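*Asks:* Below is the structure I would like to discuss, written out as structure tokens.
The values are calculated or read from the model by the stated rules, or taken from the named source; none is laboratory data. Just so it is clear, the structure is predicted and the values come from calculations on it, not from any experiment. Here the Cβ positions follow ideal geometry from the backbone for every residue, glycine too, while neighbour counts run over all protein chains shown. Please note that ligands, DNA and RNA were not included when accessible areas were found on the heavy atoms of the full protein model with its side chains. Shrake-Rupley method; radii C 1.70, N 1.55, O 1.52, S 1.80 Å.
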Amino acid sequence: MSTRSTVILGTGSYAPERVLTNAELAKAVDTSDEWIRTRTGISERRIAAPGESTSDMGVQAARRALVNAGLTPADIDLLVVATITPDYVMPAASCLIQHKLGLRTSTTCFDLNAACSGFLFALDTVCAMVGSGRYQKALVIGVEKLSAIIDWQDRTTCVLFGDGAGAAVIGTSPEPGIGLLGTRLGTSGEHVELLYIPRGGTSAPATAESIAAQDHCIRMKGKEVFKLAVRAMDEAARDILEQHQLRADHISLVIPHQANLRIIEAISEYLDLPMERFFVNVDRYGNTSAASIPIALDEARRAGRIKSGDLTLLVAFGAGLTYGSALIRW
Ligand SMILES: CC(C)(COP(=O)(O)OP(=O)(O)OC[C@H]1O[C@@H](n2cnc3c(N)ncnc32)[C@H](O)[C@@H]1OP(=O)(O)O)[C@@H](O)C(=O)NCCC(=O)NCCS
């Protein structure tokens, strides 16, 4: 174990201007505001402007996180971007962000794909690299342009997702017992086909027919995913609490992945922790995958819901299936 505490020095987030309401979606597919709100808790989501890329959104969130940390791009020596929607299949979005943000060319930059759990996997990776002493100041970004991989005719998925970005600056502190205390990450690869993009990868390259059928877009078996999400997030939360000999009521704020209000309510019930201890913004953004937790974390900090000494639990679930939790002392 490292002797350096790895801490969050600043956070930032960015949501595109364009708001897409449930009422607008109900004009395009057979759905209703009432159905979407009662089944998911979502009222609206943000959609990237034409020409606005994943890297553009990531840069905006990163700039805000750097300002919040009182640092400049020149201070950063490591960038990890969690995304399933990079600007290009190749190269990584982090390469575009390095250039647009003006990070030094000596900065180590790479992308990481753990779908909706991506920010937790990236945070764990970055903290291990900074904690080792080989890196000093890092940026971790969760960013998605899911609007580009949604089948807008599929009412079972198109109502759920949105675009956005969140970022955190990671550094060290000589004070023991603060920052990232631990993570509990997991993967259940047997469930890949419950939530995936069937075509366009190397196992099934896109064809004219597959594109016409929208098989390069997200496909999901929602009911199965729902059950596994609740079980996995509950397990990840319980395990990390047990590892650190804590009870749920030691946690002042849970920042869960924002996929569905009913999933968050189920976790609240399973952990026997009231909903007031959960940060929720799924109503305004929908599911922004890897961006969901860092956007929520930034909004929670700005809203004054995280104070020095507080314990925060992050908990996520996503395609893969991936899942995980992280414990942070502020
Ligand atoms: C997708 C989800 C909201 C669907 O809610 P649900 O209560 O499970 O609903 P079901 O899938 O059982 O569908 C119930 C009915 O509503 C219909 N329906 C689905 N989407 C609809 C929509 N947008 N509007 C209206 N009706 C819809 C279904 O076709 C089904 O109709 P049927 O009974 O005639 O077949 C829910 O399963 C869910 O949130 N799952 C987890 C998804 C998730 O979070 N994924 C990302 C993880 S990171």
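*Asks:* Check whether at least one residue in region 187-200 is within 30 Å of Trp330 (Cβ to Cβ) and part of a strand (DSSP E or B), and report yes or no.
*Replies:* Yes: region 187-200 contains one or more residues that are within 30 Å of Trp330 (Cβ to Cβ) and part of a strand (DSSP E or B).
*Asks:* Answer with yes or no whether Arg18 is closer than 17 Å to Asn287 by Cα and touching a residue at least 60 places away in the same chain (Cβ under 8 Å).
*Replies:* On the way: closer than 17 Å to Asn287 by Cα: yes; touching a residue at least 60 places away in the same chain (Cβ under 8 Å): no.
Taking the combined requirement at face value, the residue does not satisfy it.
*Asks:* Looking only at region 96-127, count how many residues are assigned to a helix (DSSP H, G or I) and free of Cβ contacts under 8 Å to residues at least 12 places away in the same chain.
*Replies:* Here the count works out to 1.
*Asks:* Follow-up. For region 200-231, enumerate the residues that are within 9 Å of the ligand (Cβ to nearest atom), without any contact (Cβ under 8 Å) to a residue 12 or more places away in the chain and over 16 Å from Val159 (Cα atoms).
*Replies:* Within region 200-231, just Lys227 meets the criteria.
*Asks:* Could you identify the single residue in Thr21, Thr54, Thr31, Thr72 that is open to solvent by 60 Å² or more (accessible area, probe 1.4 Å), modelled with pLDDT of 95 or more and among the β-branched types (Val, Ile, Thr)?
*Replies:* Thr72
*Asks:* So, one more: So Glu193 passes all but one of these: (1) more than 16 Å from the ligand (Cβ to nearest atom); (2) farther than 19 Å from Leu327 by Cα; (3) of a type in the set (D, E, K, R). Which condition number does it fail?
*Replies:* (1)
*Asks:* Considering only region 314-330, how many residues are in contact with a strand residue (DSSP E or B) (Cβ under 7 Å, 6 or more places away or on another chain), in a strand (DSSP E or B) and within 16 Å of the ligand (Cβ to nearest atom)?
*Replies:* 8
Conditions (1) open to solvent by 50 Å² or more (accessible area, probe 1.4 Å); (2) under 27 Å from Asn68 (Cβ atoms), marked per residue:
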| site | (1), (2) |
| --- | --- |
| Phe110 | yes, yes |
| Thr156 | yes, no |
| Val169 | no, yes |
| Gly182 | no, yes |
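*Asks:* Quick one: Leu228 ticks every box in (1) touching a strand residue (DSSP E or B) at 6+ places or on another chain (Cβ under 8 Å); (2) open to solvent by 50 Å² or more (accessible area, probe 1.4 Å) bar one, so which box is it?
*Replies:* Result: Leu228 fails condition (2) only.
*Asks:* May I pose another question? Just one of Ala92, Ala115 is within 23 Å of Leu314 (Cα to Cα) and buried (at least 20 other Cβ atoms within 10 Å of the Cβ); which is it?
*Replies:* Only one candidate qualifies: Ala115.
*Asks:* Which pairs have Cβ atoms under 7 Å, sit 6 or more apart or on different chains, and link a residue in region 26-51 that is away from the ligand (no atom under 13 Å from the Cβ) to one that is open to solvent by 40 Å² or more (accessible area, probe 1.4 Å) and aliphatic (A, V, I, L, M)?
*Replies:* Hits for this filter: Glu44/Val19; Arg46/Val19.
*Asks:* Here is a follow-up. So which residues in region 288-319 are under 29 Å from Met220 (Cα atoms), surrounded by fewer than 24 Cβ atoms within 10 Å (Cβ to Cβ) and not charged (D, E, K, R)?
*Replies:* Ala319
*Asks:* Just one of the numbered conditions (1) touching a residue at least 60 places away in the same chain (Cβ under 8 Å); (2) closer than 15 Å to Gly142 by Cα is not true of Arg63; which one?
*Replies:* Unmet for Arg63, out of (1) touching a residue at least 60 places away in the same chain (Cβ under 8 Å); (2) closer than 15 Å to Gly142 by Cα: (1).
*Asks:* Suppose the filter is assigned to a loop (DSSP other than H, G, I, E, B) and surrounded by 19 or more Cβ atoms within 10 Å (Cβ to Cβ); does Pro86 pass it?
*Replies:* Answer is yes for this residue.
*Asks:* Still on this structure: Report, ordered by the first and then the second residue, all pairs with beta carbons closer than 7 Å, sequence separation of six or more or different chains, a first member in region 239-259 that is within 16 Å of the ligand (Cβ to nearest atom), and a second member that is of a type in the set (Phe, Trp, Tyr).
*Replies:* Ile255/Phe279; Pro256/Phe278; His257/Phe317; Gln258/Tyr285
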